[in-house]
Amino acid sequence: MINTGEDLTVPVNPLPSLHADRLLWRSVSQVLPRPDPVLQSWLLDPGSLTLRLKQQSAGQFRVVVLEEGWVKRQLPALLQCFPSSVVRERMWSRRVLLQCGDTPWVAAHSLIPVSSMNGELKRLRHLHNKPLGEFLFRHPELRREQLEITRTADIWGRRSLFHLYGKPILVAEFFLPALFRDTSAQQR
């Protein structure tokens, strides 16, 4: 999506995002059939996805920003992820590709309520090509709620609500087929 500067967004590609109303998010125990073990190791990993991708990319990890900006209206199903105190707020929306060189491995989308973006979290508006995960996981007080997963065509995704300094940050990551092709080739 491209931010037009007027709190409107225009879709530019078919990558999944948090705004997709057709996605059915479920806890891992509710998903049948279960993803294969390799995919589960990525979906259910409680650690930093950024760190894991950096380790797998042999120094070629990079972040490509697709869109970032303020959005006003959210889908009702999406708003149930946030505490009721923030559901009517504007949100900072950030969509990026996490890549190995020029190959997209993960499409990530984060939503951050305006009330979460004060103090040290103000920096989140100015990450540009720096990974959000690197910022989040360097804070020992980071808390993550239960993961939910979804599937659309051949792309699996996960989302979870993080809390840093008591402020909510919703993050979704969609694992693109090239990630598994490239990392399985490395392990042979």
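The numbers here are math on the coordinates, done by the rules we state, and not lab data. All figures in this text were calculated on a predicted structure; none of them were measured in a lab. Here the Cβ is made from the backbone with ideal geometry for all residues, glycine too, and neighbour counts use every protein chain on show.
Please identify, among SER85, SER160, SER93, the residue showing maximal mean-square fluctuation in a Gaussian network model of the chain using a 10 angstrom Cα cutoff.
Maximum fluctuation in the GNM of the chain, among the listed residues, is at SER85.
Could you count how many Lys pairs in the chain have their Cα atoms under 20 Å apart, skipping same-chain pairs fewer than 8 positions apart?
Counting lysine pairs in the chain gives 5.
Of VAL106, VAL87, VAL96, which is the most mobile in a GNM of the chain whose springs link Cα atoms less than 10 angstrom apart?
Comparing VAL106, VAL87, VAL96 in a Gaussian network model of the chain, the most mobile one is VAL87.
Take each of the peptides 53-63, 33-43, average the number of other beta-carbon atoms within 10 Å over its residues, and list them starting from the highest.
53-63, 33-43
Before anything else, pin down the relative contact order of the chain: Cα pairs under 8 Å, at least 6 apart, normalised by residue count, whole percent.
Relative contact order for the chain comes out at 24 percent.
Ranking request for peptides 126-132, 98-104: highest mean number of other beta-carbon atoms within 10 Å first, then the rest in descending order. Write down the numbers at each step before the final one.
Numbers: 126-132: 14.3, 98-104: 17.3.
Answer by packing, highest mean first, reads 98-104, 126-132.
Quick one: angle between helix 177-187 and the longest Cα principal axis of the chain, in degrees between 0 and 90, rounded to 10, please.
Compared with the principal axis, the helix lies near 40 degrees.
Candidates (i) 78, 41, 32; (ii) 48, 36, 36; (iii) 62, 40, 31; which is the computed Cα extents along the principal axes in Å?
(ii)
Along region 55-60, what does the Karplus equation 6.51 cos²θ - 1.76 cosθ + 1.60 (θ = phi - 60°) give for ³J(HN,Hα), rounded to whole Hz, x for Gly and Pro?
5, 7, 8, 6, x, 9
Packing-wise, with mean Cβ within 10 Å as the measure, how do 146-158, 70-82 rank, highest first?
146-158, 70-82
So what J values fall out for region 120-129 if you push phi through Karplus, 6.51 cos²θ - 1.76 cosθ + 1.60 with θ = phi - 60°, rounded to Hz, Gly and Pro as x?
Karplus-based 3J(HN,Hα) across region 120-129 equals 5, 6, 4, 4, 5, 6, 10, 6, 6, 8 Hz.
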